[in-house]
Amino acid sequence: MKISSKITAVSLLFLLGSALGYAAPASENWENLCTKCHGADGKGLTKVGKKLSLKDYTDAKVQADLKDEDMAKVIVDGYKDKTGKEKMKAYSDLTPAEVQDLVAYIRKFKA
Ligand code: HEC
């Protein structure tokens, strides 16, 4: 009896958690999903980032040339080069709020 009510309580918590939807903060998403290429500092100077010749998000000119909508689109749809080869995967499982937060997070790299 005791055990089963514990199980009920735990599964209720899980249900509640998934109903609310878990949205990770931008710093966490950036760390887990993006730093491998773009770097923790947004400069894109990681091993992979250098190979892909990524933009430096601390560069004011780079930031000025970026549009929020385009950034969000790349995050959701991914990035393919001219030959159609995927260079950045689509993060389509992020919520719209998470995508917006990531865009805002990238904006803060500007020196
Ligand atoms: C496998 C390497 C890789 C990973 C991981 C990666 N990206 Fe990218 N990203 C790229 C490449 C390649 C480009 C295209 C070249 C560029 O714009 O510097 C790009 C472009 C972008 C752009 C578009 C900038 C523009 O020119 O409009 C944004 C925004 C962006 N990435 C954000 C993210 C975010 C946020 C994550 C994590 C959720 C992420 N990237 C993860 C490789 C990666």
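Taking the C-alpha atoms only, the angle from helix 96-107 to the longest principal axis of the chain is near 40 degrees.
Using alpha-carbon pairs under 8 Å, 6+ residues apart, how would you state the relative contact order of region 29-85 in percent? Taking the mean separation of contacting Cα pairs over the length of region 29-85, I get 19 percent. Normalised per residue, the accessible area of the chain is 74 Å², obtained with a 1.4 Å probe and no contribution from ligands, DNA or RNA.
Under the classification rounded if a/c is under 1.5, otherwise prolate if a/b is larger than b/c and oblate if not, where does region 23-107 fall, given a ≥ b ≥ c as square roots of the Cα gyration tensor eigenvalues? Judged from the Cα gyration tensor, region 23-107 comes out rounded (a/c under 1.5).
For the chain, the longest principal axis of the C-alpha atoms and the axis of helix 2-20 are separated by about 30°. Quick one: pull the percent of accessible area on the chain belonging to carbon and sulfur, 1.4 Å probe, ligands and nucleic acids left out. It is 61 percent, rounded to a whole number. A simple rule links phi to the HN-Hα coupling: the Karplus curve 6.51 cos²θ - 1.76 cosθ + 1.60 with θ = phi - 60°, which for region 41-58 gives 8, x, 7, x, 9, 6, 4, 5, x, 5, 4, 8, 6, 6, 5, 9, 6, 8 Hz, with x for Gly and Pro. A simple spin-label model places the labels of residue 62 and residue 111 1.1 nm from each other, with each point 7 Å out along Cα-to-Cβ.
Given Cα pairs under 8 Å that are at least 6 residues apart, what percent is the relative contact order of the chain? It rounds to 24 percent for the chain. Take 36-48, 72-84 and order them by the average number of nearby Cβ atoms within 10 Å per residue, most first; the result is 36-48, 72-84.
Once the Cα atoms are used to define both axes, helix 68-77 deviates from the longest principal axis of the chain by about 60 degrees.
The values are calculated or read from the model by the stated rules, or taken from the named source; none is laboratory data. Computed from a predicted model, the values in this text were never measured in an experiment. Positions of Cβ are backbone-derived with ideal geometry, glycine not excepted, and every protein chain shown enters the neighbour counts. The accessibility values were calculated without ligands, DNA or RNA, using every heavy atom of the protein model including side chains. Shrake-Rupley method; radii C 1.70, N 1.55, O 1.52, S 1.80 Å.
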